[in-house]
Amino acid sequence: MMLIPCPFCGPRNESEFAYGGPVKPDRPDPNAVTDAQWVDYLMQVPNPLGPVHERWHHARGCGVWLTIWRDTRTHDITEAPDA
Amino acid sequence: MQDYSLLSLLRHGLNKHQGWTRAWRAPPLKPRYEVVIIGAGGHGLATAYYLAKEHGITDVAVLERGWLGGGNIARNTVTIRSNYMRDASIPFYVKSVELYEGLTKALNFNMMHSKRSMVDVVQTWGKMRELRRRQLVMDIYGSTYQPISTEEVRRRIPALTGGGPDARLPILGGMVHTDAAVNRHDAVAWGYARAADAMGVEIQQQTPVLSLIRGPDGKIEGVETNRGTVRAGKVVVAVSGHTTTITETAGLRLPLRTMNLTAFVSEPVKPLVDVIVNCPDSGFYFSQSDKGEMVIGGAPDPGQSFRRDIKQNVFEDTVTAMLSLFPSFKRLKLMRQWGGHLDIAQDASPIMDETDIPGLFVTAGWWGGYKAIPAGGLTLAHLVATGRPHPLMADFTLKRFRHLDYVMETGTTTAR
């Protein structure tokens, strides 16, 4: 069980949150990049053995979206959003 | 390969069982092989076996980080079935089920194969429509799926006493997949290992691969291990959740996310459920093992994970869902729980292909890869040996991501 630090509600149980996926790079202008770069943007997900930057939605709480750094090996939250 | 039979058992019994030889060797690591397979799990060992048997390629080393069959092949719930959705998937899994049924004879190793059919307990009309649609596609490819009434579901699973008309999700009916079976996961690993070893394949345990080696022309040249460099013109990555960890050492990124899927087992009880029960709307499935334990699988953890354990909330959700349909299980004690990490692509279909690095093959994206072991090994061995994809796996390419031409699969446990 993870305690996710919500900037408004403080540390809250993981079961209150909906997972929002890893943070992706900014969407490039489709006309400015090659097909390969565009597919790369659509397909590639960072899959690190270590900290991953990801989004969570406090769906059963205050409703805020937040980003954290979470270690995929231990599920320790290594970097939390500013309160 | 020494024969395992009643006769050999009697003969060795007369000799106080002193004459049995080792099932596979532990040969010294050579500096060069024709093919190196990373991962002595189900897919790695099956690929080695079919490379030797179907294509006569025996200069093969299977490198295993831990011990043989200690990864996800020891962590799954041994469900073998072919009720998938896509034209690309169903014939592949039908072939796999067929190979599994003949595996005990083919490998001379008792797989304890138990064909016992799977019953899907359907609680929403959306799911009912989806399963009926799967039935129509499966009819084309000779897999079996039949709708049954709620009364028939309850007759087949007497322990299913929840889900009545007053429940939040009343049972609406069910589907029966008569091809479904369970068998013994250790026997699959050991059987393939023993048969492959007998044909000359070397299984190197305690040999983690640290990185892939590429030549100046970009081709794969071998792997770096804790026991030194091993060179090979063809390298197969069959490591489940750690696929990206391995391929990224050669600068190759793959569209895969690693997730943790959990399972748990109850104390053994007397025979109670003789089919595989799948409750897709409630989010769990189970079968009763030969020992009498309920082998229960649930949903994956949210988010990427390389941690092989079970989270309390995932565990609670699964148990709560199970008790709503099987209230009598309330008194069952749970004995063990574990997780296994596996990787999944966006469309939930596997990837079996040669990568952008010539000579480097991957078999990955297996979510429920246990049922796919025989067909996965057979078809990947064909690709490695001939350079051409086997017709059964021709759609499971890496190209499909480049062309945005997915094989969207709903037949995996998770993609429900």
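The values are calculated or read from the model by the stated rules, or taken from the named source; none is laboratory data. A quick note: this is a predicted structure, and the numbers were derived from the prediction, not measured. Cβ coordinates were reconstructed from backbone atoms using ideal geometry, including for glycine residues, and neighbour counts include every protein chain displayed. Note: accessible area is taken over every heavy atom of the protein model, side chains too, but ligands, DNA and RNA are not part of it. Shrake-Rupley method; radii C 1.70, N 1.55, O 1.52, S 1.80 Å.
PRE reach from residue B:55 (point 7 Å along Cα→Cβ): which of the range B:24-42 fall under 12 Å by backbone N? Backbone N within reach: B:34-37. For the pairing of chain A with chain B, what total accessible surface becomes buried, with a 1.4 angstrom probe, in square angstrom to the nearest 100? Approximately 2100 Å² gets buried when A meets B.
In terms of distances greater than 21 angstrom between alpha carbons, the cross-link table entries B:53/B:219; B:270/B:371; B:270/B:330; B:291/B:311 yield B:53/B:219; B:270/B:371; B:291/B:311.
For the range A:1-40, a decrease in accessible area of 30 Å² or greater in the assembled protein chains relative to the isolated chain, with a 1.4 Å probe, applies to A:1, A:14, A:19, A:39.
A simple spin-label model places pseudo-atoms 7 Å from Cα toward Cβ; at residue B:18 and residue B:148 they are separated by 5.3 nm. Stretched out straight at 0.36 nm per residue, the stretch from residue B:336 to residue B:10 would grow longer than its current Cα-Cα span by 113.8 nm.
What the protein assembly as shown shows is 43 Å² of accessible area per residue, with the surface traced by a 1.4 Å probe over protein heavy atoms.
In this view, the solvent-accessible surface of residue B:272, computed with a 1.4 Å probe and all protein chains in place, comes to about 80 Å².
Which of rounded, prolate, oblate describes the protein assembly as shown, given a ≥ b ≥ c as roots of the alpha-carbon gyration tensor eigenvalues and a/c under 1.5 marking rounded, otherwise prolate only if a/b is larger than b/c? Oblate, since a/c reaches 1.5 and b/c is not below a/b. By the gyration tensor of its Cα atoms, with a ≥ b ≥ c the square roots of the eigenvalues, what is the shape of the range B:318-364: rounded for a/c under 1.5, prolate for a/b over b/c, or oblate? Taking the square roots of the gyration eigenvalues as a ≥ b ≥ c, the range B:318-364 is prolate.
Beyond 29 Å, the tail of the calculated P(r) for chain B holds 45 percent of the Cα pairs. From the Cα gyration tensor of the range B:120-188, with a ≥ b ≥ c the square roots of its eigenvalues, which class applies: rounded if a/c is under 1.5, or else prolate if a/b is larger than b/c, or else oblate? It comes out oblate by the Cα gyration axes. Available extension along the chain between residue B:105 and residue B:269 is 56.0 nm, counting 0.36 nm per residue and deducting the alpha carbon span. Sparsely packed loop sites in the range B:312-368 (the trypsin sites (Lys or Arg not before Pro) outside DSSP H, G, I, E and B with at most 14 other Cβ atoms within 10 Å) comprise B:333. Label positions at residue A:67 and residue B:112, each projected 7 Å from the Cα along the C-beta direction, are separated by 4.9 nm.
FRET efficiency for the pair residue B:227 and residue B:309, taken as 1/(1 + (r/R0)^6) with r the Cβ-Cβ distance and R0 = 41 Å, rounds to 0.85. The distance from the alpha carbon centre of the range B:107-167 to that of the range B:304-377 is 20 Å, rounded to a whole number. Rounded to the nearest 10 degrees, the inclination of helix B:42-55 to the longest alpha-carbon principal axis of chain B is 60 degrees.
Of B:307, B:133, B:32, the order by accessible heavy-atom surface (1.4 Å probe, DNA, RNA and ligands excluded), from most exposed downward, is B:32, B:133, B:307.
Normalised by residue count, the range B:278-345 yields a Cα convex hull volume of 114 Å³ per residue. Farthest toward the positive end of the dipole of the range A:3-79, out of A:46, A:20, A:6, is the Cα of A:6, where the dipole comes from beta carbon charges about the Cα centre.
Taking amide hydrogens as placed 1.01 Å from N in the peptide plane, the amide H of residue B:82 sits under 5 Å from that of no residue at least 5 positions away in sequence or on another chain.
Sparsely packed loop sites in the range B:15-50 (the chymotrypsin sites (Phe, Trp or Tyr not before Pro) outside DSSP H, G, I, E and B with at most 13 other Cβ atoms within 10 Å) comprise B:20. Seen against the Cα atoms of chain B and their longest principal axis, helix B:312-325 is set at about 40 degrees. With respect to chain B, whose longest principal axis is taken over its alpha-carbon atoms, helix B:185-198 is tilted by about 20°. Helix content alone sets the calculated 222 nm mean residue ellipticity of chain B: runs of n ≥ 4 DSSP H residues at -39500 (n - 2.57) each, divided across all residues, give -8000 deg cm²/dmol.
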